[in-house]
Amino acid sequence: MGGSGSKSKGFWPFSGSGSIDDPTKDGNEQQSMARVRSFPSATPFVLTRRSSMYFDEDGDLAHEFFEETIVTKNGRKKARLKRIHKNLTPQGIIKLDFPCIHVDFPVVLCEV
């Protein structure tokens, strides 16, 4: 009952093939956990993430940087903030204080 579609492999080692007829998805938790354990380097926890903050030329760290400029219009001086886009370097990858569970982890951890 459903449309036809292609079965694609996931990028994560603990993601299934996406089909309903998958033999590991018959409700047997032992088989699905064995499939997860078959990849020793794959972990359901996320330990690092990419930071959204940047360093400027002075070494200050922030999400955004602004520069105050004076605009003269009709003889009146007005201060405006101009966003700086150049000479910013990203902070890079930072370590999380506590690990998070990956979004694509398919096992139910707690049942209410």
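Readers should treat all values here as calculations from the given coordinates under stated rules, not as data from a laboratory. The model shown is predicted, which means the values in this text are computed figures rather than measured ones. All Cβ positions, even for glycine, are placed from backbone atoms using ideal geometry, and neighbour counts span all protein chains on display.
Values for this structure:
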read-out	value
Bins of 10 Å from zero: percent of alpha-carbon pairs in region 57-112	15, 25, 19, 18, 13, 8, 3
Leu88 paired with Asn74, simple spin-label distance in nm, labels 7 Å along Cα-to-beta-carbon	3.3 nm
